[in-house]
Structures are given as C-alpha cells and as structure tokens.
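Report on the structure given below.
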Ligand code: BJ8
C-alpha cells in the first residue's frame, strides 16, 4: 500500500480478526432480545429469517485447529471446511454457534449433508432440500416450497409468525445492502484498485451477520473514504501489479494463506468470486412481486454453486467479473476433497484461457501450512507469466 491511509472500518476492532466485530454486534442485538439463527451456506434465505425478526449468521468453518478433533469421527480425506465446521461443534469453539438458537442446513454436497446428521441433536436444526438441477422448470416451485417450509420451522421454534409485507421489507433491506456492497466493489475494479482485499474481507465478514440497515452506516463511511482515496490518487499495491481474480470454494481463516501468498508474490487481488466473497451480492431479489417467497427462491437458485448441475451460471458470472474487474490472471481455489469444485475447475480453466487468454492456476489446498512453499512457487510462476505478457505488449 502506498503511504498510510485511514482504515476503512475504524473502530475498536480495527486490526482484530473480523469475527470479533461481528460477534460483538450480534451480542448487542441479543441483549436487545434478537434471537440468532446459524447458517452454513449461501443458499440459506436470510431474508426470510430476518422477516421473523431474527439475526442470521454464518457458522465457523475455516480453522485448522478444529480438524484433528473432527478426524476422530470423520474421514481424513474429507473437505476441510466440513471437518473444521464439525470440529468447532465438537470442541464447542464456535461463538456464533453458541449464540445460535437454531441452525439451517441444506442438501448441498454429500459431506455437508452427512455432517449435519451428526450435529442435528445440538440445536433445533432444519435441513432444506435443495433442488440440484436449477434450470428445470419445477426447481423454482420446489425451492419456494422449501422456503415456505423453513418458515413453518421458524414459526414452531420461535413461536412467532411473519407476513408477506415483512418478507418484502427484508428483501428490500437485503437489496440495499447488495447495492452498497457492489458500490464498494467498484473501487476494487478501478485500475489501480484503491481497496485492499483484507479491507474487502472485513466488510464481507461483517455483512454475513448484519442486515442492510445495520450495514448502511459502516458501508457509507467506507464509500466516503474510498472516494477520497480515489480523488487523492491513492493506489493499492505495487505499480503495474498483476490483477488477480480468485474464484472457487469459500475462503476464510486458515485458507486465507493463499490470498496472502498471492500478494506476497506481487499480485493484487481485485475480485473474490466465492460464497465468502462477492458471490452473495452478485444478484438482486425482485421487489414488489405478489409472491415475495417465490422471488427469494428465484434469486437463490441463481447462486452458481458447483453442487448444481449443470452450473452454467459459474461461467456467465465469471464473464461478468472478468469484464468488470479486468484480471490479468485467474486462480481457482479448490478445497481438498471438494469434488464438485475440483471437477468443475476443468471447465473454468478452459473457459478463461480460451475466451480471455488469461493465465489460469488451480490450487487444491486445505487449512494446514504444509503446502505454503509449493503454492508460493506456483503462484510466482503464474504472476511471472503475467509480467512476460505485459512486457510483450509494451515491447
Ligand atoms: S452455495 S459453495 S456455501 S455449498 S463443503 S461444496 S467446499 S466439499 S461450501 Fe458452499 Fe453453499 Fe455451494 Fe456456497 Fe465443496 Fe466442502 Fe462441500 Fe463446500
């Protein structure tokens, strides 16, 4: 970063892990009587949860420290995200789970589905049956039915009801948050970018558990500072640094090692295409329909997850991101034993290389530090290809 700049979120949690800020926020909501629902996936319709005056928050899933405990029960050759999630529950180490009054799960990948069975007795849990052929005509009816069924679960557990008007209000609140998040992403799309990925990550992390109204002052203050940075000619990253798009599995905690390596190797990350990144804000829910639950269903079925087949939206979404963020290279981050993202990587690599002639690298990793040296070597080689390409263009 050139020069010292004021942090975009400047509060008592600045410089701390972003979970602390979110936890404090949720605890203060609880003190005012707001109950919490824990979620594990971007398909969980948080608008419906909020329409019941409940907070929704993503549960812990990104630490190597909880994997050993999980492996006493789960197979070692399972996705680290699932093992870590389960280990957090076994060790009673996830503060967000501790304050959750219920948990929502979905039938996404097999490993997650079976892990949910093992934790189903810990809290009231509801599993949503996710249609996995999203383009079939009945998918939207099926998913809308599942969202209504979730509503009945929330009614039973929390002894309250909601209305279409409140669901519509939650949709509008969620869209307002997405609009502001997208306005923040514009500053990463600038060339050079004026926002660092840890700053993006801080905002994305807080947004996992804060409503649009709660996020508004935070994001508005960020936007004001970003505009000042832009006007002041501030640039993030070394001059001419290759711009990197990171796509693939959700990234957080110990897998952030890959993002750190990319920047240590001289790249700047301009887009994070994953469920822990920009993916949840890529689309809006239609407002003002006569069936807000169906509008929510339509939006969520568009989430381009590799559990879906075919998952053509992954490629069309990559098109949008590549045109907007103008990356010089694409890195597909796949968690070990995530067969969906791993297999899909062949299509992703072929698409970005053939359509955009972009250097592409698939990294398969877990939450340990064992492969840091190997990843660094491969990332450095990728970024060197970008430098060679730009030297050729200049020459
Ligand atoms: S909508 S990406 S959050 S399922 S747990 S699929 S990494 S093997 S997290 Fe996901 Fe929902 Fe899809 Fe997004 Fe692979 Fe691991 Fe399964 Fe995973």
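The values are calculated or read from the model by the stated rules, or taken from the named source; none is laboratory data. It should be emphasised that the depicted structure is a prediction, and the values quoted were computed from it without experimental measurement. All Cβ positions, even for glycine, are placed from backbone atoms using ideal geometry, and neighbour counts span all protein chains on display.
Of everything in the stretch 11-33 that's in contact with a helix residue (DSSP H, G or I) (Cβ under 8 Å, 6 or more places away or on another chain) and part of a loop (DSSP other than H, G, I, E, B), which residue is surrounded by the most Cβ atoms within 10 Å (Cβ to Cβ)?
Per the criteria, the residue is 13.
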When only residues in the stretch 308-336 that are touching a strand residue (DSSP E or B) at 6+ places or on another chain (Cβ under 9 Å) and within 15 Å of the ligand (Cβ to nearest atom) count, which is nearest to residue 149 (Cα to Cα)?
314
Could you count how many residues in the stretch 337-357 are within 12 Å of the ligand (Cβ to nearest atom), surrounded by fewer than 19 Cβ atoms within 10 Å (Cβ to Cβ) and over 19 Å from residue 132 (Cα atoms)?
0
With 219, 190 as the choices, which residue is more than 30 Å from residue 65 (Cα to Cα), away from the ligand (no atom under 16 Å from the Cβ) and surrounded by fewer than 19 Cβ atoms within 10 Å (Cβ to Cβ)?
190
Would you check which residues across the stretch 94-117 are within 14 Å of the ligand (Cβ to nearest atom), part of a helix (DSSP H, G or I) and either in contact with a helix residue (DSSP H, G or I) (Cβ under 7 Å, 6 or more places away or on another chain) or modelled with pLDDT under 95 (or both) and list them?
111, 112, 115
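Out of curiosity, is residue 214 at pLDDT 95 or above, surrounded by fewer than 21 Cβ atoms within 10 Å (Cβ to Cβ) and in contact with a strand residue (DSSP E or B) (Cβ under 7 Å, 6 or more places away or on another chain)? Show your work before the answer.
Details: at pLDDT 95 or above: yes; surrounded by fewer than 21 Cβ atoms within 10 Å (Cβ to Cβ): yes; in contact with a strand residue (DSSP E or B) (Cβ under 7 Å, 6 or more places away or on another chain): no.
Criteria not met by residue 214.
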Residue by residue through the stretch 272-317, note down the ones that are in contact (Cβ under 8 Å) with a residue 40 or more places away in the chain and within 12 Å of the chain's Cα centre (by Cα).
272, 273, 274, 275, 276, 277, 278, 279, 280, 281, 303, 305
By residue number, the members of the stretch 118-143 that are surrounded by 20 or more Cβ atoms within 10 Å (Cβ to Cβ) and in a helix (DSSP H, G or I) are 143
Failed condition for residue 246, given (1) over 30 Å from residue 372 (Cβ atoms); (2) touching a helix residue (DSSP H, G or I) at 6+ places or on another chain (Cβ under 7 Å); (3) within 16 Å of the ligand (Cβ to nearest atom); (4) not in a loop (DSSP other than H, G, I, E, B), with all others met?
(1)
Please list, ordered by first then second residue, the pairs with beta carbon atoms under 7 Å, 6 or more apart or interchain, first in the stretch 62-86 and more than 18 Å from residue 103 (Cβ to Cβ) and free of Cβ contacts under 8 Å to residues at least 24 places away in the same chain, second assigned to a loop (DSSP other than H, G, I, E, B) and more than 10 Å from the ligand (Cβ to nearest atom).
69/91
Residue hits (the stretch 46-90; within 16 Å of the ligand (Cβ to nearest atom), more than 22 Å from residue 276 (Cβ to Cβ) and part of a helix (DSSP H, G or I)) are 71
